[in-house]
1. Of LYS339/LYS404; LYS306/LYS339; LYS215/LYS306, which ones are farther than 23 Å apart at the Cα?
2. Using the crude model of +1 on Lys and Arg Cβ and -1 on Asp and Glu Cβ, and no other charge, please compute the dipole size for segment 373-439 relative to its Cα centre, in debye to 20.
3. Just give me a number: lysine pairs in segment 101-194, eight or more positions apart or cross-chain, with C-alpha atoms less than 22 Å apart.
4. Rounded to a whole number of µm²/s, how large is the Stokes-Einstein D of segment 205-310 at 4 °C and 1.567 mPa s, given Rh as the Kirkwood radius over C-alpha pairs?
5. If CYS287, CYS171, CYS414 are ordered by their accessible area, calculated over protein heavy atoms with a 1.4 Å probe, which sequence runs from highest to lowest?
6. Could you tell me what percent of the accessible area of segment 205-310 is made up of carbon and sulfur, with a 1.4 Å probe and every protein chain present?
7. Could you pull the accessible area for TYR412 with a 1.4 Å probe, rounded to 10 Å²?
Amino acid sequence: DDDDDLERVSWSGEPVGSISWSIKETASSSTSSLEGRDSSLQKGSSSYAAFPKQVSSYSLSSLFKGELYLSLSALSDTGVKNYTPELRRPKAEYKDYSSDWSPKDTVRRMQRGKVCSLERFRSLQDKLVLLDEAVAGHDGNVITAVLIFLKRTLRREILFRELEVRQVALCHLIHFLKESGEQKFLLDLLRFLDRTEEVALSQYREHLNIQDVEKRREFLKGCIGLPFSAEDTSHIQDHYTLLERQIIIEANDRHLETAGQSEIFRKYPRKASILNMPLVTTLFYSCFYHYTEAEGTFSSPTNLKKTFKIPDKQYVLTALAARAKLRAWDDVDALFTTKNWLGYTKKKAPIGFHRVVEILQRNNAPVQVLQEYVRLVEDVETRLNLATKYKCHDVVIETYRDLKDRIQLTAYKCKVERGSAEEDKINSILNNMQIRWKN
């Protein structure tokens, strides 16, 4: 009879007012309201489908885990869209958008050709880890890409200091700067590394970008004082002297060609300027147009040979090619003729007479000229091959006679024309009883 001593319970046996009873009551009332709204939607329009009844998913565990608010908000009357399940992107795709990649993962993606933003690496430590991972990946393109990023985002002093202990990355950066033509940045880097000779060479290469010949000459003159090695300093001096000579020769020859005062320029007009040409090309030009000039002139071949210490082999090859092109056979003969202290003349070639024969043949030398030099080839087999190849019949006949090879001489008789002087010569040798043939 005393109501205060009685405990009220629901039909399910749970005490009224308890937490579990409150949750179920809330869920049932929400379900009732949803059913009412569902029936009103069906009455208003037949095109809307009925929503299924929501089964309560409340529990004491969800309450104490803090999920009650989310579940209750999901049941609030905020529109139909709240009942549409949310489709979330895969985790990997979410990382693509957020660029949430470690340095190692970033390098791997770059190696696969994926687009990666490096801007998220802001601290110096992160940037250096990224560079080390790129170097460890042994991919030059990735290393260069990371270096470009570091070059843009770090001060030069910091970048140079860190690269000094990372030689692989340093070599990649130096190569990139040379290829891209960033000369000032490259010079600053080399100066920081105390590579004075490389600094000098980099400055010397700048002459390639100077088109005006006078400005180039002055630039080369200034390069002579740079800290080159002794050998390189000599080359720079020769380059400056050569260009200075070329300017003088070009001015004089242009005047002679325009005035028409020189026969060789009228017969063989120049096809190009001599300016900025290599030393060998300049020597060939001098041997072609100025071969007979005195040694005291700048355009004299012997003056060039002496000034630039051109080796005998190089000089003979170049002079032979130039004089043979002009078909000046007397000059060719004089090139190989030497005198001893008794006054006797002898032909001598520092390049070997077999090469002389080949150069003469390329310049369409007559057979009489070729034969003279084929005879001077010392090796018998080489001499026979050249004589046979270039149809120097007299040389072949004389060589077989000296070898006392009757069989080969008889066989060669079939290769000459009948009734020719060569056939008569072979017959005369074969009929000579004084020759003791070996076969």
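The values are calculated or read from the model by the stated rules, or taken from the named source; none is laboratory data. Values in this document were obtained by computation on a predicted structure and should not be read as measured data. Quick reminder, even Gly has a Cβ in these numbers, built from the backbone with ideal geometry, and neighbours come from all protein chains shown. SASA here: full protein model, heavy atoms, side chains in, ligands and nucleic acids out. Shrake-Rupley method; radii C 1.70, N 1.55, O 1.52, S 1.80 Å.
1. LYS339/LYS404; LYS215/LYS306, as the Cα separations exceed 23 Å there.
2. 200 debye
3. The result is 8.
4. Result for D is 87 µm²/s.
5. Result, largest first: CYS414, CYS171, CYS287.
6. 55 percent
7. Surface open to solvent at TYR412 totals about 10 Å².
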